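Step one of this worksheet: look at the structure below.
The values are calculated or read from the model by the stated rules, or taken from the named source; none is laboratory data. Remember, predicted model here, so these are calculated numbers, not experimental data. A quick note on method: Cβ atoms are made from the backbone with ideal geometry, for glycine too, and the neighbour counts reach across all protein chains shown.
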Amino acid sequence: MSEITSAEYKKVAVDSIADPVLQSALESLQSRLGPATQNLYQNLPEGQELRKTAHGYRRKAIDNLDILLEALADNVEKNGGTVHFAATDKEAVDICLNIARDHDVKKVVKGKSMVTEEIGLNHALEEAGIDVAETDLGEFIIQLADEKPTHIVAPAIHKTRQQVGKLFSEKLGTPYTEDPPTLTFDARKALREKFLTADMGITGCNLACAETGHITTVSNEGNIRMSTTLPKVHVAFMGMERIVANLEEQQSILRLMSMGAAGQQIGGYVSYIGGPAAENHCDGPQAFHLIIVDNGRSKILADEEFREMLCCIRCGACLNVCPVYGKIGGQAYGSAYSGPVGAVVTPLLFGVNNAADLCTGETLCGACRQACPLEINLPRMLLALRAKLSEGDAKWGVQPKGKSEKLMFEAWQKIIKRRKVYDLFLKIGYVLQKILPAQDGMIRRLPFPFNGWTNNRNLKPLAAKTFMQRWKEREGGKQ
Amino acid sequence: MQKKDNVTLFVQCIVDTMYPEVAESMVDVLEGLGLHVDCPTEQTCCGQPAFNAGHQQVARAAAEKFITIFEGAQTIVSPSGSCVNMVRNHYQDLFKDDPAMLARVKAIGERTFEFTEYIVDVLGVEDVGARFNGKVTYHASCHLNRFLHIDRQPRALLANISDMTLVEMKDADKCCGFGGTFAVKFSEISEALVEDKVNNIIASGADVVAGCDMGCLMNIEGMLSRKQSPVKVMHIAELLAGKSYE
């Protein structure tokens with residue numbers, strides 16, 4: 001249903017690096033949010049331990065997912081809501097389409113939701129003749145421009161105000177301006193109209209609470225709250241892992257999520273939604289549906305190596321520090337999930353071979369783990385994915401990638417196994433490197449397949465004598 | 001130092017084959033601190049390049065060789081945070097399903113130290129009496145800083161070098177873009193990252209960029225050299241041994 005373009009990773013990455021507007025947007029985003037988040041972690045009233053504790057809450061929830069989901073479903077239904085479990089993206093979309101049909105829905109307003117992007121919901125609704133309006137300002141902009149998001153939380157950072165001005169005047173018919181407050185007001189005017197006429201509001205769910213049976217949404221524009229209260233039907237989608245046991249745990253995690261997402265103590269609008277409006281109550285939707293989506297998550301749950309990934313709350317903190325994301329932006333990752341989280345979750349949800357470059361296209365610097373409010377060990381899982389790609393894996397249906405690298409490493413292993421053989425190869429290398437183009441005693445051009453190194457940098461040549469030789473000579477001289 | 005402790009050198013392959021003077025400086029510093037240094041000369045590589053590329057079988061074979069060579073050593077010291085991280089942390093991943101091997105690699109990991117960590121945390125020395133006339137900036141390597149949590153130690157040693165001016169570059173702890181085979185497979189991304197790093201180094205006004213890992217410094221040197229910058233890369237051992245960069 002939804003498709004990914006992760007095979008284009010390298011190509012889009014190269015284009016993104018060459019795009020000065022994007023580069024400056026990414027630089028500004030990372031220099032603002034990365035340090036802001038770290039600063040909040042350093043000043044947690046509970047101390048640094050809170051992040052470990054919160055990881056424990058998430059982990060406990062994931063380990064007891066069946067029980068918690070059942071409790072959530074029971075409690076939501078007690079509150080008058082309806083709960084649907086969807087095994088696949090198609091099922092999730094169909095459930096939503098049926099609800100729309102039952103209520104004769106013509107117009108939908110949406111709060112920002114990653115899982116609806118994952119399952120390709122907008123496209124399906126539009127195919128069914130339903131008008132869909134994203135109401136998060138960034139999402140609204142990229143929907144108008146028909147573009148892909150650059151960031152999980154800040155999807156339109158690649159657009160300049162001039163581009164947005166032009167876009168609004170074309171699509172909204174407003175007079176051209178590049179003044180951000182005026183542009184925001186234009187968007188607000190257009191969106192208010194959408195809110196007031198929508199028959200259905202669709203949102204995600206940041207984190208559900210099993211014991212009380214409510215979901216939470218967090219935003220800074222108030223748009224999600226309006227999407228859940230103004231239309232007569234509210235449909236919330238949640239990935240089946242987005243749950244904790246109780247309010248106390250939920251509160252800690254929502255705070256940490258806000259720190260990771262936007263460098264805030266807590267998001268501007270946090271809504272606790274527990275079902276439709278009560279009888280004889282004039283405000284709120286008449287119907288509330290919660291669609292709990294599996295779509296590959298059970299498989300992640302079943303694998304101890306990757307189960308930790310289900311602790312992720314999609315705050316995007318890892319994007320705000322990742323050096324690779326900071327250069328290539330979100331579109332290169334080819335799915336709704338970008339940055340380090342995307343590099344792990346996209347292969348797991350959409351197939352490891354389909355997203356092979358995502359598994360290998362990082363430096364393993366560990367900045368993501370340091371920035372993660374829940375200290376999720378993304379580098380560990382990237383390494384595990386690489387192992388599956390290099391050696392194949394039946395359980396995940398992974399075909400080993402190209403043989404040549406494997407053969408190279410196997411040959412290398414034979415060489416490093418014996419020092420004498422290793423020394424022989426080093427000697428040959430030492431002689432051969434002399435025919436390579438040089439600059440100030442450095443190698444200027446390497447042959448295929450190492451040529452990538454020397455596009456823009458040189459390489460130190462092999463020394464005439466290895467340290468081991470020098471050491472042997474030194475020790476020999478002592479006797 | 002009351003008695004002459006024995007340390008065994010675990011020399012990163014890049015140092016052994018491209019930067020042998022770094023290991024020599026390390027020997028000078030360690031011997032200067034009154035230690036007896038030995039070096040098993042049949043060592044080659046700890047297997048990290050294969051491991052990071054996902055070739056765990058190959059990495060496991062390299063790890064087995066490493067264990068055979070170093071198992072008898074009392075204290076193992078290496079000039080690379082990245083290699084120490086491999087031995088201390090990732091060897092345990094490689095043998096997680098083999099309890100006997102796991103116990104062996106755990107034991108060896110506990111005796112393996114990064115050079116500055118060994119001097120500061122084990123020996124309790126922060127001033128080795130070095131002197132260096134120049135302006136130096138420090139690059140905090142990722143595996144060293146984030147995986148081994150070693151940052152205070154090299155900075156303390158640098159701060160105590162006489163006559164040296166230490167300047168902080170922008171984003172000193174940001175990745176240089178090396179990442180092993182990543183640098184070749186995704187060279188465009190890698191180059192964009194090392195370009196930022198090199199620009200920050202140059203902007204700091206330093207004559208030397210120092211670090212604790214020649215992997216990163218090799219990458220940085222590659223771009224400094226291509227840009228024909230006069231800034232030199234130096235392993236911290238060279239500074240502590242009082243080597244000149246001329």
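Key figures for this structure:
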| quantity | calculated |
| --- | --- |
| Output for the stretch A:189-207, where each listed residue is under 28 Å from the mean Cα position of the chain (by Cα) and over 12 Å from residue A:227 (Cβ atoms) | A:205, A:206, A:207 |
| The stretch A:61-88 - residue that is within 25 Å of the chain's Cα centre (by Cα) and of a type in the set (A, V, I, L, M) and, of those, surrounded by the fewest Cβ atoms within 10 Å (Cβ to Cβ) | A:87 |
| Any hit, the stretch A:384-391, residues being outside any helix (DSSP H, G or I) and either surrounded by fewer than 21 Cβ atoms within 10 Å (Cβ to Cβ) or not polar (S, T, N, Q) (or both) | no |
| So residue A:105, is it assigned to a loop (DSSP other than H, G, I, E, B) and either among the small types (Gly, Ala, Ser) or at pLDDT 95 or above (or both) | yes |
| Residues of the stretch A:230-248 classified as closer than 16 Å to residue A:112 by Cβ and out of contact with any strand residue (DSSP E or B) (no Cβ under 6 Å at 6 or more places or on another chain), total | 0 |
| Residue A:355 being within 13 Å of chain B (Cβ to nearest Cβ) and either among the basic types (Lys, Arg) or assigned to a helix (DSSP H, G or I) (or both) | no |
| Residue that is outside any helix (DSSP H, G or I) and either crowded, with 17+ Cβ neighbours inside 10 Å or among the acidic types (Asp, Glu) (or both), where the choices are A:187, A:236, A:261 | A:236 |
| Test: residue in the stretch A:441-458 that is part of a helix (DSSP H, G or I) and more than 10 Å from every other protein chain (Cβ to nearest Cβ) | no |
| Residue match in the stretch B:114-125 (condition: under 19 Å from residue B:14 (Cα atoms) and part of a helix (DSSP H, G or I)) | yes |
| Residues of the stretch A:277-328 that turn out to be among the polar types (S, T, N, Q) and surrounded by 24 or more Cβ atoms within 10 Å (Cβ to Cβ), as a count | 1 |
| From B:226, B:146, B:131, residue being touching a Ser or Thr at 6+ places or on another chain (Cβ under 9 Å), charged (D, E, K, R) and buried (at least 21 other Cβ atoms within 10 Å of the Cβ) | B:226 |
| Scope the stretch A:459-468; condition free of Cβ contacts under 8 Å to residues at least 24 places away in the same chain and not in a loop (DSSP other than H, G, I, E, B); matching residues | A:459, A:467 |
| Complete set of residues in the stretch A:148-170 that are surrounded by 14 or more Cβ atoms within 10 Å (Cβ to Cβ), farther than 28 Å from residue A:31 by Cα and not polar (S, T, N, Q) | A:168 |
| Which listed residue is at positive phi, more than 12 Å from chain A (Cβ to nearest Cβ) and either polar (S, T, N, Q) or surrounded by fewer than 20 Cβ atoms within 10 Å (Cβ to Cβ) (or both), from B:34, B:72 | B:34 |
| Unmet requirement for residue A:89, which otherwise passes all of (1) at negative phi; (2) free of Cβ contacts under 8 Å to residues at least 40 places away in the same chain | (2) |
| Complete set of residues in the stretch A:417-435 that are surrounded by 14 or more Cβ atoms within 10 Å (Cβ to Cβ), in contact (Cβ under 8 Å) with a residue 24 or more places away in the chain and not hydroxyl-bearing (Ser, Thr, Tyr) | A:419, A:423, A:426, A:433 |
| Matching residues in the stretch B:76-105 - criterion: being closer than 30 Å to residue B:234 by Cα and charged (D, E, K, R) | B:88 |
| Lone unmet requirement of (1) in a helix (DSSP H, G or I); (2) farther than 30 Å from residue A:319 by Cα for residue A:84 | (1) |
| Checking residue A:304 against (1) free of Cβ contacts under 8 Å to residues at least 12 places away in the same chain; (2) over 29 Å from residue A:226 (Cα atoms); (3) part of a helix (DSSP H, G or I), the condition it does not meet | (3) |
| Residues being surrounded by 20 or more Cβ atoms within 10 Å (Cβ to Cβ) and outside any helix (DSSP H, G or I) - total across the stretch A:131-147 | 5 |
| Matching residues in the stretch A:359-383 - criterion: being away from every other protein chain (no Cβ under 11 Å) and part of a helix (DSSP H, G or I) | A:378, A:381 |
